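Here is the structure we will look at.
Where a number appears in this text, it was derived from the coordinates with a stated rule and is not lab data. Quantities reported herein were computed from a predicted structural model and do not represent experimental measurements. Please note: Cβ atoms are built from the backbone with ideal geometry, for glycine as well, and neighbour counts cover all protein chains shown.
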Amino acid sequence: MNAIEIKNLNKSYQNGLKALENINLSVKKGEIFALLGPNGAGKSTLINIICGITKKSSGQIRVFGRDNEADYKKTRSMIGLVPQEIATDSFERVINTLRFSRGLFNKPSSDRYLDSVLNSLELSHKKSNQIRTLSGGMKRRVMIAKALSHEPNILFLDEPTAGVDVALRKTLWSYLNNLKKQGVTIFLTTHYIEEAENIADRIGVINNGKIIIIEYKKKLLKKFGEKKLIFTINRKNKSINTINSIIKKYELKQKGNKITFNYTQNSKKDPASDLLSELNKRSIRFQDLEIKKNNLEEIFINLVQK
Ligand SMILES: Nc1ncnc2c1ncn2[C@@H]1O[C@H](COP(=O)(O)OP(=O)(O)OP(=O)(O)O)[C@@H](O)[C@H]1O
Ligand SMILES: [Mg+2]
């Protein structure tokens, strides 16, 4: 069973705006899923529909196997939501907000649990402060603590690190990884590619209300982390056989004199320098050397511009 299963989901707002078009998406239990997309792509709309805050137009959504409308109370209790907008000027004290929120879901009170959440979010020292006296980054962490107050099975975070400094962003990432280790499924939206690259198991890209791609991060990076080495060889005075054997060995593509080598570089191996040293060793002259790099950011920009 998947944590979330979405089939043929459509959403048109009352003003006629089509915010989501035929979304099919599943989130596996225990994974960190990142939904990447530019402003207005439909990320918040999707999260809000899953969490039952916004009504869908058509389609089906299951949360741990249950329909999110027919079984709203049960599915909502399995969900923790950190909305994009943070409520800022609460006079309520941090711990009371958490207790109240936990109570809303009919969970027996447990300050032990709430204290452990505050502690892992480095908020213990602000436990008795009014929320309005906290910094922006702290308020955001309170929102996360609040979303976790009823021990949900899946946590939705709508742009959790917008406006958060680099250090805190990294702290939050490791916190989310810890939550994952405890078995909490995590669904987050972001427009920081770096964020998706750092913590996601799988990445979905959404643009104009449509999912463009859903893929394991490792596969995406492999696919898009590929580099191209392009060069030309002067075939005169050279043994064609030697050149052809290298072309075969490295699976090079050739078009006229132009040769292209597609490869993936990582910290352990650099296939391009292997190739170049082999060409040198065999005294094959090459020129017009050029390296082209595809990173996730370029790919993302290309995808959403289509
Ligand atoms: N209540 C609403 N009524 C009408 N249109 C809406 C409403 N809420 C959102 N929209 C529109 O739906 C589209 C998707 O908005 P949504 O907030 O889901 O985008 P998003 O991907 O979360 O963007 P951002 O990165 O800016 O938060 C936008 O065109 C937006 O203007
Ligand atoms: Mg949004």
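Just a few scattered comments:
- A straight Cα-to-Cα reach below 14 Å connects residue 249 with the aspartates and glutamates 274, 278, residues fewer than 8 places away in its own chain not being considered.
- Annotation for the range 185-270: trypsin sites (Lys or Arg not before Pro) lying in DSSP loop with at most 13 further Cβ atoms inside 10 Å of their Cβ are 235, 236, 268, 269.
- Semi-axes of the equivalent ellipsoid for the range 169-298, Cα gyration tensor, largest first, Å: 42, 16, 11
- A simple packing score, the average count of other Cβ atoms within 10 Å per residue, orders the peptides 275-283, 73-81 as 73-81, 275-283, with the highest score first.
- Partner lysines whose Cα lies under 21 Å from the Cα of residue 73, excluding those fewer than 8 positions away in the same chain, are identified as 7, 29, 55, 56, 107, 146.
- The eigenvalues of the Cα gyration tensor, multiplied by 5 and square-rooted, give the chain an equivalent ellipsoid with semi-axes of 49, 23, 16 Å from largest to smallest.
- Beta bridges assigned by DSSP with both partners in the chain are antiparallel in approximately 65 percent of cases.
- Pairwise centroid distance, computed over Cα atoms, of the range 69-147 with the range 156-177, Å: 16 Å
- For the range 4-221, the relative contact order comes to 30 percent (Cα pairs under 8 Å, sequence separation of at least 6).
- Annotation note: GluC sites (Glu not before Pro) in the range 17-102 located in DSSP loop regions with a Cβ neighbour count of at most 10 within 10 Å are 85.
- Net charge of neighbours whose Cβ lies under 13 Å from the Cβ of residue 58, counting Lys and Arg as +1 and Asp and Glu as -1: +3
- Most fluctuating residue given options 16, 103, 42, as computed from a GNM of the chain linking Cα atoms under 10 Å: 16
- GNM on the chain, alpha-carbon springs under 10 angstrom: the most fluctuating residue among 129, 241, 39 is 241.
- Calculated FRET value between residue 258 and residue 24, using beta carbons and R₀ = 45 Å, to 0.05: 0.65
- Using the Cβ of residue 2 as centre and a radius below 14 Å, the other residues enclosed give a net charge of +2, where K and R count +1 and D and E count -1.
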